[in-house]
Amino acid sequence: MVVTEKTPVVSDPALKKKELIEIVTERSGIKKKDAKPVIEAMLAVLGQTLAEGREMNLQPLGKVRINRAKDVQGGKVLITKIRQSNRVPKPSADPAAKAAE
């Protein structure tokens, strides 16, 4: 039996909150001032849920399970396993373009 080593996939830079808000407002057609508090509240709930050690099943994000947790100076390191379905939806078209049709 031959064991092949998996190499990590190097992707684009990390998605930050500002970019997330921009993407959500573009896809949803909602104004930034309306979307920002909702997104920030959602991120707070997700962070609290992880801090409590709870599993999450949030499709299409996937099923998130904490494998290990380690307290470090200034915070916590969580080693997680995220399982995504093969049916992750493609980004929808621009809502303004749909409205024009």
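Worth pointing out:
- The lone criterion from (1) assigned to a helix (DSSP H, G or I); (2) among the β-branched types (Val, Ile, Thr); (3) at pLDDT below 95 left unmet by Thr7 is number (1).
- Search result, residues across segment 16-36 that are assigned to a helix (DSSP H, G or I), hydrophobic (A, V, I, L, M, F, W, C) and out of contact with any helix residue (DSSP H, G or I) (no Cβ under 6 Å at 6 or more places or on another chain): Leu20, Ile23
- Members of segment 68-89 that are basic (Lys, Arg) and surrounded by 10 or more Cβ atoms within 10 Å (Cβ to Cβ): Lys76, Lys81
- Pairs, first under 26 Å from Leu20 (Cα atoms) in segment 55-74, second in a strand (DSSP E or B) and of a type in the set (Ser, Thr, Tyr), C-beta under 6 Å, six or more apart: Val64/Thr80; Ile66/Thr80
- Set side by side, the residues Ile82, Ile39 differ, and just one is touching a Leu at 6+ places or on another chain (Cβ under 8 Å) and part of a strand (DSSP E or B), which is Ile82.
- When the test is whether a residue is at pLDDT below 95, of a type in the set (A, V, I, L, M, F, W, C) and either surrounded by 14 or more Cβ atoms within 10 Å (Cβ to Cβ) or within 14 Å of the chain's Cα centre (by Cα) (or both), Leu20 does not pass it.
The values are calculated or read from the model by the stated rules, or taken from the named source; none is laboratory data. This structure is a prediction, so every number in the text was calculated from the model and none was measured. Neighbour counts are summed over all protein chains in view; Cβ atoms, including those assigned to glycine, are modelled from backbone coordinates with ideal geometry.
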